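Everything below concerns the one structure shown next.
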Amino acid sequence: MSKITKKRSQKAGLPPGTLVHIGEKKTEKLKITIMDYNETQLEEKEAQTVEECLPFKERPTVTWINIDGVHDLKIIEKIGQLFKLHALTLEDIVNTEQRPKMEDFPEYIFIVMKMLYWDKAAHRIETEQVSLVLGSNFVISFQEEKERDVFNPIRERIRKSNMKIRKMGADYLAYSLIDAVVDSYFLILEHIGEWIEEIEEVLVSAPRTETMHAIHGLKKEMILLRKSVWPLREVVNSLERGESPLIKESTGIFLRDVYDHTIQAMDTIEIFRDMTSGMLDLYLSSISNKMNEVMKVLTVIATLFIPTTFIVGVYGMNFEYMPELKWRYGYLLTWMVIIGVTSAMLFYFKKKKWY
């Protein structure tokens, strides 16, 4: 099950701008890939050192620098020095517990998002923080090192010379990356919807203790999903309504479309949250009704034995003079009375629809 929060105690007491990696500990080397392009040319390479990125900073073309891994603080700090990133920006990049946000600096725009994946086997959401730095002619993306990547379709579009992205600027590239992240949320919502349907079928047919655990797990995933998606709406809205010269008016139209998608995703999340709460109530009602049915049957059985217990109790008394004790048909009559009373009670209960 996904963790909603991570430990941040190691940052306590440190001055602002201190680089402390918060997230999954890794030892692998950071991977730096560069895609530099315009309408007619494309250069794609994997950089071995940070210094290889510097020549692309001054080119008139659009440059996308993607960095897989944020655990190597020395490399992150060196990138910040080359591209003149603020110390607080670098601090946020290495802290993978950041809330999605947007900060507008004089030379660049800094964006933090959550990239989500669905683990179908474990029925849980896996999160990865993505940080974007948008400059005048470049975009730097920082990712936690993951095998999966929703940015691959963007790379394929860049590799095709006839695609619109090759004719647009760095702001359109940043929009495309944000749009890819938002689109991935709908894939998560599809899996959540299927999971809800599965739980509802079990609730209607035969609710069990495992069903309660499944509903609890679903609620935690919905909290995590809402925590990742809700702030992104503010990020996109700020980008679209902001006055930064880095965002062209032509790109603002596309950002409005992404904003609509985030609103749609949030509406779906709220619907799923209501359905999850309803399923919890349905589970408790189903268990209560099941218990009531059991108690009803036991009550009927106990009630049927009350008159029979009274009858046999009377004749179990040790009195010497009782009229029916010496009668030849006394035993047979006792059974006829017991059967008659029990049948009459069953008929009455059935008529009243008590069982």
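Checked against (1) among the β-branched types (Val, Ile, Thr); (2) closer than 30 Å to His213 by Cβ; (3) out of contact with any Gly (no Cβ under 6 Å at 6 or more places or on another chain), Thr96 passes all but a single condition, namely (3). For the range 224-280: of the residues being buried (at least 18 other Cβ atoms within 10 Å of the Cβ) and of a type in the set (D, E, K, R), which is nearest to Glu190 (Cα to Cα)? Applying the filter and picking the extreme gives Arg233. Taken residue by residue, the range 225-233 has at least one member that is closer than 30 Å to Phe105 by Cβ and either of a type in the set (Phe, Trp, Tyr) or not assigned by TED's automatic domain parsing to the domain that holds Lys167 (or both). Checking the conditions here, which among Gly313, Gly242 is of a type in the set (Gly, Ala, Ser) and either modelled with pLDDT of 90 or more or farther than 30 Å from Ile111 by Cβ (or both)? Result: Gly313 is the single residue among Gly313, Gly242 that is of a type in the set (Gly, Ala, Ser) and either modelled with pLDDT of 90 or more or farther than 30 Å from Ile111 by Cβ (or both). Within the range 71-93, being within 23 Å of Leu173 (Cβ to Cβ) and either assigned to a strand (DSSP E or B) or within 28 Å of the chain's Cα centre (by Cα) (or both) holds for Thr89, Leu90, Asp92, Ile93.
Checking the structure you have, find out if any residue of the range 287-306 is of a type in the set (Ser, Thr, Tyr) and under 30 Å from Ile192 (Cβ atoms).
Looking for residues that are of a type in the set (Ser, Thr, Tyr) and under 30 Å from Ile192 (Cβ atoms), one finds at least one in the range 287-306, hence yes.
Restricting attention to the range 281-299, which residues are of a type in the set (Val, Ile, Thr) and either in contact with a strand residue (DSSP E or B) (Cβ under 7 Å, 6 or more places away or on another chain) or surrounded by 13 or more Cβ atoms within 10 Å (Cβ to Cβ) (or both)? I'd like the intermediate steps shown before the answer.
Step one: list which residues in the range 281-299 are of a type in the set (Val, Ile, Thr), which gives 287, 294, 297, 299.
Within the range 281-299, Ile287, Thr299 meet the criteria.
Considering only residues that are in contact (Cβ under 8 Å) with a residue 40 or more places away in the chain and surrounded by fewer than 17 Cβ atoms within 10 Å (Cβ to Cβ), look in the range 87-110 and name the one that is nearest to Leu134 (Cα to Cα).
Going through the range 87-110, the residues in contact (Cβ under 8 Å) with a residue 40 or more places away in the chain turn out to be 87-91, 93-97, 99-102, 104, 108-109.
From what's left, surrounded by fewer than 17 Cβ atoms within 10 Å (Cβ to Cβ): 87-88, 97, 99, 101, 104.
Details: Ala87: 16, Leu88: 16, Glu97: 21, Arg99: 18, Lys101: 14, Asp104: 10 Å.
Here the residue is Asp104.
Going through the range 94-109 one residue at a time, which ones are in a loop (DSSP other than H, G, I, E, B) and within 17 Å of Val139 (Cα to Cα)? Write out each step before concluding.
So the first thing to find is which residues in the range 94-109 are in a loop (DSSP other than H, G, I, E, B), and the list is 96-100, 105-108.
Within the range 94-109, Phe105, Pro106, Glu107, Tyr108 meet the criteria.
Of the residues making up the range 143-151, not a single one is among the charged types (D, E, K, R), assigned to a loop (DSSP other than H, G, I, E, B), assigned by TED's automatic domain parsing to the domain that holds Gln41 and modelled with pLDDT of 90 or more.
Inspect the range 287-304 for any residue being assigned to a loop (DSSP other than H, G, I, E, B) and modelled with pLDDT under 80 and give the result as yes or no. If you could, list the steps in order and put the result at the bottom.
Just the residues of the range 287-304 that are assigned to a loop (DSSP other than H, G, I, E, B), to begin with: none.
So far as the range 287-304 goes, no, none of its residues is assigned to a loop (DSSP other than H, G, I, E, B) and modelled with pLDDT under 80.
Can you pull out every residue in the range 37-66 that is in contact with a strand residue (DSSP E or B) (Cβ under 7 Å, 6 or more places away or on another chain) and among the acidic types (Asp, Glu)? Across the range 37-66, the qualifying residues are Glu43, Glu44, Glu46. Scanning the range 152-168 for residues that are in a loop (DSSP other than H, G, I, E, B) and either touching a Leu at 6+ places or on another chain (Cβ under 7 Å) or surrounded by fewer than 18 Cβ atoms within 10 Å (Cβ to Cβ) (or both) turns up Lys160, Ser161, Asn162, Met163. Quick check: anything in the range 333-340 surrounded by 13 or more Cβ atoms within 10 Å (Cβ to Cβ) and at pLDDT below 80? Among the residues of the range 333-340, not one is surrounded by 13 or more Cβ atoms within 10 Å (Cβ to Cβ) and at pLDDT below 80, which makes the answer no.
The values are calculated or read from the model by the stated rules, or taken from the named source; none is laboratory data. These numbers were taken from a predicted model, which means no experiment stands behind them. Note that we place each Cβ from the backbone using ideal geometry, even for glycine, and neighbour counts take in every protein chain shown.
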